[in-house]
Amino acid sequence: MIQFINQKAANLFPGYFSLVMATGALSIASHLLGMEYVSRPLLYFNVVAYIVLWFLTIIRLTNHFARLKADLTSHSNGPGFFTLVAGTCMFGSQLVVVANKHSVPLFLWGLGIVLWVVVMYTFFTAVTVRKNKPNLGEGINGAWLIAAVGTQSVSVLGTLLSSYVTSGKDIILFFTLCMYLLGCMLYLNIITLIFYRFTFVDFKYAALTPPYWINMGAVAITTLAGSNLMLHVKNWPFLVGLMPFLKGFTLFFWIAGTWWIPLLFILMVWRHFYHRYPFTYDPQFWGMAFPLAMYTTSTFQLSKALGLPFLVVIPRYMIFVAMAAWLTVFMGLVHHIYIGIKGNHKVQGN
């Protein structure tokens, strides 16, 4: 069993914390919609998932550092490490919103900031100074946008925590405002390259991996970050003067995310039904479950921030799409774990 766990840690997909991201986003969305029978079990599940993934990550860090380093500095695998940032902060946000806890989320926010600094500057330095770089078609995919997601997740959790501190609210909100704007910058820069790849570079259906759903997920969490800032304007008068900008810019990103949804569904049909690409479990599918749940959450909060109650009809239906996506990927995970354990028992039996 120890060898089996060590092997799983060695081969751990760098973006596996997207499981925590997807679960946290769906838990928050269901809580906001009054579905406590969904949000609470997801909270307990996420506690276990977060601990297990960190356990495997620590084993990988200590026993397989060379492989971890190679992944972190890779154009294709490196962006997955931003899920450590986003997963940590999304779990913290889940604890604040669903469990009404503040001390542990404050620690998670600090951890998320440290992880953000380490992953952000290690990855972008490595891909910048690398001598032999892949071409655009091979080097970039939707996972790169998790850099924006991780940045916005730091903003979201910090803004939520600003209501529970006795002093320094203005400093926290200034920081989360800066992270919000930085996340916007990262999204606009990266999505330009991805859109160019979509439309002008030969695009094989096999290359349309689930992380391309982050095209929408990144603007969904950007919408949530902007909406949260607007909803916490009372904590920092400086935000009052920025309200027109925040309203327009946040609405812009929500519209961009809404535009992506039909196109991504069409491309999914093109890949799996027209070209009959098999549906087999891949941890990258959590990168599809997260955006759908995050879009549900962000739309609900945007309706409150802008005072547009008619928008609530979208999350009331979208929550079921997000739940179906999460359950489908979860069943794939359970089957994958079962097959892995069964195979390990056969090896030990021989």
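The values are calculated or read from the model by the stated rules, or taken from the named source; none is laboratory data. Being a predicted model, the structure only gives us computed values, none of them experimental. Please note: Cβ atoms are built from the backbone with ideal geometry, for glycine as well, and neighbour counts cover all protein chains shown.
So, of the residues in the range 112-136 that are surrounded by 15 or more Cβ atoms within 10 Å (Cβ to Cβ) and not β-branched (Val, Ile, Thr), which turns out to be farthest from residue 164 (Cα to Cα)? It comes out as 126.
Being closer than 18 Å to residue 95 by Cβ, touching a Ser or Thr at 6+ places or on another chain (Cβ under 8 Å), modelled with pLDDT of 95 or more and not polar (S, T, N, Q) narrows it down to one residue among 160, 186, 182; which is it? Answer to the selection: 160. Within the set 194, 172, the sole residue that is within 16 Å of residue 215 (Cα to Cα), in a helix (DSSP H, G or I) and of a type in the set (A, V, I, L, M) turns out to be 194. From the list 217, 158, 183, 137, the lone residue that is assigned to a helix (DSSP H, G or I), closer than 26 Å to residue 16 by Cβ and touching an Asp or Glu at 6+ places or on another chain (Cβ under 9 Å) is 137.
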